[in-house]
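All remarks here apply to the structure that follows.
The values are calculated or read from the model by the stated rules, or taken from the named source; none is laboratory data. A quick note: this is a predicted structure, and the numbers were derived from the prediction, not measured. Here the Cβ is made from the backbone with ideal geometry for all residues, glycine too, and neighbour counts use every protein chain on show. In case anyone asks, the SASA skips ligands and DNA or RNA and just uses the protein heavy atoms, side chains included. Shrake-Rupley method; radii C 1.70, N 1.55, O 1.52, S 1.80 Å.
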Amino acid sequence: MEVVLGVDLGTSAVKVSAVDREGKIVAQQSEAYSLNQPEPGYSEQNPEDWVTGTTAAIDRLIKVDGIKPDEITGISYSGQMHGLVLLDDHNQVLRPAILWNDTRTTEQCKEILDTMGQDFIDITRNVPLEGFTLPKLLWVKENEPELFNNVSVFLLPKDYLRYRMTGKIAMEYSDAAGTVMLDEENKTWSTKIADAFDLSQTIFPPLIESIGFAGTIGDTYAKFSGLKTTTKIYGGAADNAAGAIGAGILSSNQVLSSIGTSGVVLKYEDNADVDYKGALHFFNHAIPNKFYTMGVTLAAGYSLSWFKKTFSADQDFTEFVNAAGDSTVGANGLLFTPYIVGERTPYPDGDARGSFIGIDGTHNKADFTRAVLEGIVFSFKDIMRIFAEKGSNFDTVVSIGGGAKSPLWLQIQADVFNKKVVTLKNEQGPGLGAAMIAAVGVGWFDSLSDCAQKFVSYDQEYVPGSGNVEKYEKMYQLYKQVYGQTAEISHKLMEYRRNNL
Ligand SMILES: Nc1ncnc2c1ncn2[C@@H]1O[C@H](COP(=O)(O)OP(=O)(O)O)[C@@H](O)[C@H]1O
Ligand SMILES: O=C(CO)[C@@H](O)[C@H](O)COP(=O)(O)O
């Protein structure tokens with residue numbers, strides 16, 4: 001049986017899915033790795049952990065699930081975006097990767113806008129934000145100059161993993177867009193940006209399409225993993241682009257709601273004509289010459305995981321989430337804002353911090369858990385409000401990511417958004433998207449949309465419950481006020497933490 005592998009290189013774990021020609025996930029393995037936060041606002045990972053994690057998962061697919069290496073026709077990727085990986089001229093990693101949710105670069109973002117102003121936004125179609133790659137590169141240049149002098153090339157997480165598997169250096173477009181160094185419409189590295197920040201042209205990797213052929217498994221990695229050197233490797237995509245493909249978001253009447261470590265509301269765009277003036281991210285899609293717009297909640301699933309780890313470590317995850325059903329719509333009048341690692345949309349503020357508002361002597365753990373679930377969904381509604389203000393209409397929300405495992409959370413989404421929310425038969429949005437890229441690459445299908453017809457099918461449907469919609473609207477009106485009224489206090493508390501650690 002021929003299969004392709006979709007490698008979903010997430011923030012909490014790598015998940016590798018073996019998918020057959022019918023789009024059925026025949027086997028899946030995953031391996032978790034750690035996230036290091038050496039200082040407030042820092043978030044780093046060791047690139048070697050991605051390689052060993054992926055290899056362990058592939059090894060189990062072969063040895064435990066019986067997937068035969070010579071039946072693995074192609075492999076592709078979905079990757080956590082923006083993370084900066086720096087290599088020296090022997091292609092050795094120079095420092096831990098600085099991840100998408102690292103917010104140390106506020107100064108560099110300001111410097112980018114001061115230097116280039118509107119020109120920068122016109123070229124990249126985005127405003128510089130802490131999570132993006134260019135500010136990270138400038139941070140290293142300014143704070144670790146000796147190390148920076150040894151940089152031969154920079155890569156993104158899944159592009160580094162692909163390099164280790166093929167021996168070939170490349171970056172694909174949907175992820176390259178998230179570096180904010182790409183001229184998005186012309187699909188070239190921007191020489192204007194490189195020149196403005198004195199970055200040598202030589203550190204920019206060659207660019208390839210998502211469905212572009214990137215090489216075959218290299219000899220070294222074949223020995224290491226048990227894979228065959230005949231297996232073909234394709235570019236892959238940024239996790240949100242891959243998630244959109246895997247969720248069949250191929251027209252503008254549907255949006256994607258992804259609750260992973262981060263949270264994303266994403267809309268497909270047929271061309272580059274839309275202009276959200278930097279209020280939302282605008283990136284190249286995995287489908288050649290198409291685009292997508294999205295807003296990001298930095299700590300979506302992460303807020304829930306943080307809450308559970310801190311206050312309910314020993315409980316089973318599903319049981320812990322289900323217990324929130326014992327609370328009421330609006331968590332008995334308790335509000336949570338999920339800005340626990342700063343925020344991006346609609347508040348581009350790395351020093352924002354979260355809060356519980358309205359704590360009452362009668363509140364119990366179920367109320368707190370429910371407030372966390374609801375607060376995350378309110379932050380998604382903030383993003384949807386920006387779409388609505390720009391006249392974007394959609395009727396269906398496709399929910400993916402770890403958060404889509406919970407029926408309670410799915411119903412909260414339908415009630416808060418006041419839209420139909422659907423789930424996928426294969427919950428693995430980004431992983432399936434990665435496998436679809438490989439399926440098109442190896443020639444099983446002519447295009448990603450042909451592949452979606454076969455691979456993507458919807459499962460449960462959640463409709464807004466009358467009564468709940470009105471209650472949530474009232475809570476949302478209060479939620480909207482919290483950022484403005486707490487931002488200054490949060491900034492001062494961050495300052496206190498920095499000065500007292
Ligand atoms: N049973 C569950 N019910 C609801 N949410 C869950 C459950 N299990 C995990 N999650 C949420 O899913 C998130 C991880 O989602 P995932 O898509 O796997 O993330 P990533 O791709 O960033 O590694 C966790 O942070 C957690 O909040
Ligand atoms: O920074 C972004 C998007 O701009 C994040 O969405 C990352 O791409 C990581 O995603 P997950 O680990 O939550 O899937």
Subject >> Gly402 vs. criteria within 16 Å of ligand 1 (Cβ to nearest atom), open to solvent by 10 Å² or more (accessible area, probe 1.4 Å), among the small types (Gly, Ala, Ser) and modelled with pLDDT under 95 >> reply: yes
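Give the residue, chosen from Tyr221, Tyr302, that is more than 14 Å from the chain's Cα centre (by Cα) and of a type outside the set (A, V, I, L, M, F, W, C). Reasoning before the result, please.
Numbers: Tyr302 fails: more than 14 Å from the chain's Cα centre (by Cα).
Within the list Tyr221, Tyr302, the selection yields Tyr221.
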**OP:** Check Lys168, Lys158, Lys141 and return the single one that is in a helix (DSSP H, G or I), closer than 26 Å to Asn46 by Cα and in contact with a Gly (Cβ under 9 Å, 6 or more places away or on another chain).
**Re:** Lys158
**OP:** Determine which member of the set Val153, Val127, Val140 is open to solvent by less than 40 Å² (accessible area, probe 1.4 Å) and farther than 26 Å from Gly278 by Cα.
**Re:** Val153
Original post:
Can you find a residue in segment 411-430 that is assigned to a helix (DSSP H, G or I) and of a type in the set (Lys, Arg)?
Top reply: no
Original post:
Out of all the residues in segment 27-39, is one or more at pLDDT below 95, among the acidic types (Asp, Glu) and open to solvent by 30 Å² or more (accessible area, probe 1.4 Å)?
Top reply: yes
Subject >> Residue within segment 94-107 that is open to solvent by 10 Å² or more (accessible area, probe 1.4 Å) and part of a helix (DSSP H, G or I) present >> reply: yes
**OP:** Could you name every one of the strands (runs of 3 or more DSSP E) located completely within segment 297-404 that has at least 2 residues being within 28 Å of Leu424 (Cβ to Cβ)?
**Re:** 396-400
Original post:
Ala366 is checked against (1) open to solvent by 10 Å² or more (accessible area, probe 1.4 Å); (2) over 25 Å from Val469 (Cβ atoms) and fails just one. What number does that condition carry?
Top reply: (2)
Subject >> Selection within segment 12-29 - more than 16 Å from ligand 1 (Cβ to nearest atom), of a type in the set (Gly, Ala, Ser) and out of contact with any Phe, Trp or Tyr (no Cβ under 8 Å at 6 or more places or on another chain) >> reply: Ala18, Ala27
Subject >> Enumeration of residues in segment 305-362 that are within 16 Å of ligand 1 (Cβ to nearest atom), in contact (Cβ under 8 Å) with a residue 24 or more places away in the chain and β-branched (Val, Ile, Thr) >> reply: Thr318, Val321, Ile340, Val341
Original post:
Within the set of pairs 6 or more residues apart or between chains, which connect a residue that is under 16 Å from Val140 (Cβ atoms) and among the acidic types (Asp, Glu) inside segment 77-94 to a residue that is away from ligand 1 (no atom under 16 Å from the Cβ) and assigned to a loop (DSSP other than H, G, I, E, B) with Cβ atoms less than 8 Å apart?
Top reply: Asp88/Leu94; Asp88/Asn150; Asp88/Val151; Asp88/Ser152
**OP:** Using the structure shown, decide if Thr191 is among the hydroxyl-bearing types (Ser, Thr, Tyr), open to solvent by 20 Å² or more (accessible area, probe 1.4 Å) and more than 16 Å from ligand 1 (Cβ to nearest atom).
**Re:** yes
Subject >> Members of segment 363-396 found to be within 22 Å of Asp275 (Cα to Cα) and within 21 Å of the chain's Cα centre (by Cα), listed by number >> reply: Ser379, Phe380, Lys381, Asp382, Ile383, Met384, Arg385, Ile386, Phe387
Original post:
If Asn284 satisfies every condition in (1) touching a residue at least 40 places away in the same chain (Cβ under 8 Å); (2) in contact with a Leu (Cβ under 7 Å, 6 or more places away or on another chain); (3) not aliphatic (A, V, I, L, M) but one, which is the exception?
Top reply: (2)
Subject >> Evaluation of Gln453 against (1) open to solvent by 70 Å² or more (accessible area, probe 1.4 Å); (2) touching a strand residue (DSSP E or B) at 6+ places or on another chain (Cβ under 7 Å) (one fails), failing number >> reply: (2)
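When you look at Thr54, is it more than 13 Å from ligand 1 (Cβ to nearest atom) and open to solvent by less than 50 Å² (accessible area, probe 1.4 Å), yes or no? Don't jump to the end; show me each part of the working.
Working: more than 13 Å from ligand 1 (Cβ to nearest atom): yes; open to solvent by less than 50 Å² (accessible area, probe 1.4 Å): yes.
Answer is yes for this residue.
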Original post:
Out of all the residues in segment 232-253, which are among the polar types (S, T, N, Q) and surrounded by fewer than 24 Cβ atoms within 10 Å (Cβ to Cβ)?
Top reply: Ser251, Ser252, Asn253
**OP:** Tally the residues that are in a helix (DSSP H, G or I), modelled with pLDDT under 95 and open to solvent by 40 Å² or more (accessible area, probe 1.4 Å), restricting the search to segment 480-501.
**Re:** 6
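Counting just the residues of segment 259-286 that are among the charged types (D, E, K, R) and assigned to a strand (DSSP E or B), which one comes out nearest to ligand 2 (Cβ to nearest atom)? Working first, answer last.
The initial filter retains those residues of segment 259-286 that are among the charged types (D, E, K, R), namely 267, 269-270, 273, 275, 277.
Applying the additional criterion that residues be assigned to a strand (DSSP E or B) yields 267, 269.
Details: Lys267: 14, Glu269: 16 Å.
In this case the residue turns out to be Lys267.
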